[in-house]
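The values are calculated or read from the model by the stated rules, or taken from the named source; none is laboratory data. Remember, predicted model here, so these are calculated numbers, not experimental data. Please note: Cβ atoms are built from the backbone with ideal geometry, for glycine as well, and neighbour counts cover all protein chains shown.
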Amino acid sequence: MKPSTIIRGSKIAMLGVLWAAPLLILARAFSHGWIRVWGAVGIPSYVPPFFDLRAITSGLVIASWGGDPLVSNPFDPLHRAMNYPRIWLHLFSALGIDDRNVVVVGIVFCILYLICVSVLVVEAKSGLEAFIVLVAGLSLSSLFAIERGNTDLLVFSLIFLGLMSSSKHLRWGTFFLSALLKIYPAVTLMIEVIRRPIREKVIPAALGCLAIAIFVWQWRDLNLIRRATPAASLLSYGALSLRAEADYQFLRLGLASHQHLVDLGVVLGCWLAAGITAGVVWFRRPSDDDVVRATARSGEMFSIFGSIYAFSFIIGSNWDYRLIFLVPTLPFAIELARNPRHRFQGAAYILLVLVAENLLHAQSHYEAVWSHIATFALFIAVVAVLAEQCKFFLLPKPPHP
């Protein structure tokens, strides 16, 4: 049997697993108890199903009564203030989405995500690459996003659609829409400005400036969203999550009097580590394969999705389901692992992604330390690659001999 036939058959089998696993879990959860089934899988869960979407549907009720769900949302199952931009209220209202049909939205978000991962599996250059993508695509973090029905699944799908599209305008449009929906994807437009030739920088730069202007105009809403978003140390990653974990450890050791110094030191330390990493990479002599790694499809996916991870890490605290944005960075890491000069770097990155995405069970502070170590190491690795890619696009090219 030809190797190509074996690879094709293995990909078909992997696609079957990719779709069957989450859909069977959902079917079982609806029929045998949402919390019981997801808990057996290892996912912390709440009822009603697709819990995060309920913040929007309950917010619609509050808004219809003249209240502001970003300030107070007592109809939410946990009385959470809504921490999404108001555009979600307008979208759900226009589409007639409420608690009676929101389950359909959660299932659609799941399907969109699985389509994106399916494309990555199909485009994999080897059976091993397809398997790595499958494991990451069905990680505990991914299942966490599906269980919550989290809006990051839609944002992930929009950005992925933009990347796969041959139309630059559709691409920039999806990036802009994603920024309006969740704010942090605005960094993708900045990356586009860096990667594009001068004549193609105008539109993404204009859309980026427009997004920033909208954010400034909505600064009161952004402040409310910030306040409604907890800085958790468990089931989460990011500079503020690291700070929360450090606070807990210092309190446990009876060193609460130094807590304000710890808070400042952890956040500044993350920024400093990123700056030093970028600086070292920037002034290092470029390698011969920089062109291939920066301009190939895998390098492009890494720059877009990797920038989302790095940006979300440095500005806040993120629930672990947002680690799904690391899945499309894996083809680039696999390319690195195939290169003898970068084999260790690529293999280490792949291992860190798979570990970080599957430490969701770490609900004690002792175990959570390992999760924070993995996500911080990934942050530094992503910053290093982004700095090298930016150096390629921004610095003048040396003349050919």
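A few points about this structure:
- Of the helices (runs of 4 or more DSSP H) lying entirely inside region 252-328, the ones with 2 or more residues being over 23 Å from I115 (Cβ atoms), out of contact with any helix residue (DSSP H, G or I) (no Cβ under 8 Å at 6 or more places or on another chain) and at pLDDT 85 or above are found at 259-282.
- Conditions (1) under 29 Å from D76 (Cα atoms); (2) hydroxyl-bearing (S, T, Y); (3) assigned to a helix (DSSP H, G or I); number of the one not met by T5: (1)
- Scoring I159 on the criteria (1) touching a Ser or Thr at 6+ places or on another chain (Cβ under 9 Å); (2) β-branched (V, I, T); (3) surrounded by fewer than 21 Cβ atoms within 10 Å (Cβ to Cβ) leaves a single failure, condition (3).
- Among residues of region 48-67 that are within 14 Å of W88 (Cα to Cα), those with a beta-carbon under 8 Å from a residue that is small (G, A, S) and in a helix (DSSP H, G or I) at least six positions away or on a different chain give the pairs L53/G106; L60/S93.
- Residue list for region 372-401, restricted to those being among the charged types (D, E, K, R), at pLDDT below 85 and not in a loop (DSSP other than H, G, I, E, B): none
- Contact map, region 383-395: residues that are more than 19 Å from Y309 (Cβ to Cβ) and basic (K, R) paired with residues that are at pLDDT below 90 and in a loop (DSSP other than H, G, I, E, B), Cβ distance under 7 Å, separation 6+ or inter-chain. Pairs shown: K391/P286.
- So A55, is it surrounded by 13 or more Cβ atoms within 10 Å (Cβ to Cβ) and either in a helix (DSSP H, G or I) or among the hydrophobic types (A, V, I, L, M, F, W, C) (or both): yes
- Criterion applied to F144, F131 was being over 20 Å from A310 (Cβ atoms) and in contact with a strand residue (DSSP E or B) (Cβ under 8 Å, 6 or more places away or on another chain), and the one residue passing it is F144.
- Any hit, region 123-142, residues being among the charged types (D, E, K, R) and either within 22 Å of L181 (Cβ to Cβ) or in a helix (DSSP H, G or I) (or both): yes
- Scanning region 77-114 for residues that are in a loop (DSSP other than H, G, I, E, B), over 22 Å from A228 (Cα atoms) and without any contact (Cβ under 8 Å) to a residue 12 or more places away in the chain gives G96, R100, N101.
- Exactly one residue out of L70, L26 is under 25 Å from the mean Cα position of the chain (by Cα), part of a helix (DSSP H, G or I) and surrounded by 13 or more Cβ atoms within 10 Å (Cβ to Cβ), and it is L26.
- Single unsatisfied condition, L351 versus (1) of a type outside the set (S, T, Y); (2) at pLDDT 90 or above; (3) buried (at least 19 other Cβ atoms within 10 Å of the Cβ): (3)
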